[in-house]
Amino acid sequence: MNAEVPRRRRDRGPKGRAVEDKALADVRELLGSRPRRRDLLIEHLHLIQDRFGHLSARHMRALAEEMRLSQAEVYEVASFYDHFDVVHEGQTPPAPITIRVCESIACMLAGSEQLIEALTASVDPADVRVVRAPCVGRCATAPAARVGDREVDHATVEGLRHMALEGMTEVVVPDYIGLETYQVRGGYRTLARVRSGELTPEAMIETLQNGGLRGLGGAGFPTGRKWSIVRGFAGPRLMTINGDEGEPGTFKDRWFLERDPHRALEGALIAAHAVEAERIYFYMRDEYPAVLHILRAEIAALEAAGIAPPGFIELRRGAGA
Ligand code: FES
């Protein structure tokens with residue numbers, strides 16, 4: 001048996017090895033008992049980015065080792081997304097606070113260009129990093145920005161600076177209709193009718209077709225027809241909800257999910273029942289921290305109430321356009 005030591009490891013001295021071992025220990029501690037499945041790579045990269053504020057080369061190497069992936073696979077995913085800060089050996093990590101200012105059309109028309117310039121000139125880059133961002137879904141209150149996880153409407157230089165200097169970077173969750181209120185108002189009764197067989201998939205598909213409901217993904221595909229086609233395929237069937245639309249106008253997704261999330265969740269559970277999907281993947285923009293917070297809480301509430309089986313709805317976090 002060839003007991004050759006991999007070249008990179010052999011070239012590292014005792015100090016280098018200690019650094020690598022520490023990185024592996026960091027990654028193991030962060031991942032805890034979470035599965036090491038490759039489809040969780042983005043989620044695991046988020047854990048490292050959230051804890052350390054960036055993705056160092058040694059942490060990415062350790063993650064590759066822990067997940068039994070090649071370093072190239074980890075690197076190409078990490079470097080593809082805007083919210084991951086890949087830091088190579090010898091590079092300086094980003095400042096501890098990041099302010100993202102939207103530069104898409106609504107915000108540009110509202111003066112975001114001048115805002116970015118003035119803000120960049122007014123902060124110490126060692127403390128605060130100013131980054132240009134695509135639409136953050138707050139077009140109606142342009143110019144929009146984000147300080148850490150705190151979303152900001154009608155952003156000004158003074159306001160953003162103040163928040164950054166005072167460490168006001170936590171997510172602010174708006175008031176919304178939670179599970180109890182939604183149920184008091186009649187929520188989840190339709191799902192119960194569907195699950196009891198009172199409303200059959202065929203009847204629902206017919207209603208959708210007669211109603212002319214179409215998807216909003218660009219193709220305008222008829223929803224009823226889609227459900228009927230999916231039901232025609234052999235299982236397993238999986239459902240994906242794309243909450244990562246990012247162009248101006250798609251702020252409607254944020255608006256509805258921040259106010260009445262169970263409408264989307266009940267609709268998803270009804271659709272999953274109709275097409276006999278085994279699991280729902282809810283992929284949500286990382287640009288919407290409040291929505292992510294709400295969905296996490298409300299999916300847990302659905303599981304606790306026995307409305308959704310544990311793990312049936314998997315929330316997956318995007319990582320920036
Ligand atoms: S264009 Fe700036 S938030 Fe949409």
Taking helices (runs of 4 or more DSSP H) that fall entirely within the range 76-166, which contain at least 1 residues that are surrounded by 14 or more Cβ atoms within 10 Å (Cβ to Cβ), near the ligand (Cβ under 9 Å from one of its atoms) and not basic (K, R)? 105-109, 112-122
Among the candidates G311, G217, G235, G306, residue that is in a loop (DSSP other than H, G, I, E, B), within 24 Å of P134 (Cα to Cα) and not assigned by TED's automatic domain parsing to the domain that holds D50: G217
Taking the range 35-71 and keeping only residues that are of a type in the set (D, E) and under 16 Å from F84 (Cα atoms), one is left with E43, D50
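From the set of residues in the range 158-172 that are among the acidic types (D, E) and farther than 15 Å from A121 by Cβ, which is farthest from the chain's Cα centre (by Cα)? Lay out the reasoning, then the answer.
First pass over the range 158-172, keeping only residues among the acidic types (D, E): 158, 166, 170.
This time we only want the ones that are farther than 15 Å from A121 by Cβ, so: 166, 170.
Working: E166: 26, E170: 16 Å.
Residue satisfying both the conditions and the ranking: E166.
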Determine whether the range 213-223 contains at least one residue that is farther than 14 Å from G267 by Cβ and over 29 Å from the mean Cα position of the chain (by Cα). no
Consider only pairs whose beta carbons are under 8 Å apart and that are at least six residues apart or on different chains; among these, list those whose first residue lies in the range 114-125 and is farther than 13 Å from H162 by Cα and whose second residue is surrounded by fewer than 17 Cβ atoms within 10 Å (Cβ to Cβ). L115/T156; I116/R132
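Would you confirm, using the coordinates I've provided, whether P261 is surrounded by 21 or more Cβ atoms within 10 Å (Cβ to Cβ), in contact (Cβ under 8 Å) with a residue 12 or more places away in the chain and not assigned by TED's automatic domain parsing to the domain that holds V147?
yes
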Looking only at the range 294-321, count how many residues are surrounded by fewer than 21 Cβ atoms within 10 Å (Cβ to Cβ) and of a type in the set (D, E). 2
Inside the range 257-288, can you point out the residues that are of a type outside the set (K, R) and either within 16 Å of the ligand (Cβ to nearest atom) or in a strand (DSSP E or B) (or both)? L257, E258, I280, Y281, F282, Y283, M284, D286, E287, Y288
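The values are calculated or read from the model by the stated rules, or taken from the named source; none is laboratory data. This structure is a prediction, so every number in the text was calculated from the model and none was measured. So basically every Cβ, Gly included, is an ideal-geometry build from the backbone, and we count neighbours across all protein chains shown.
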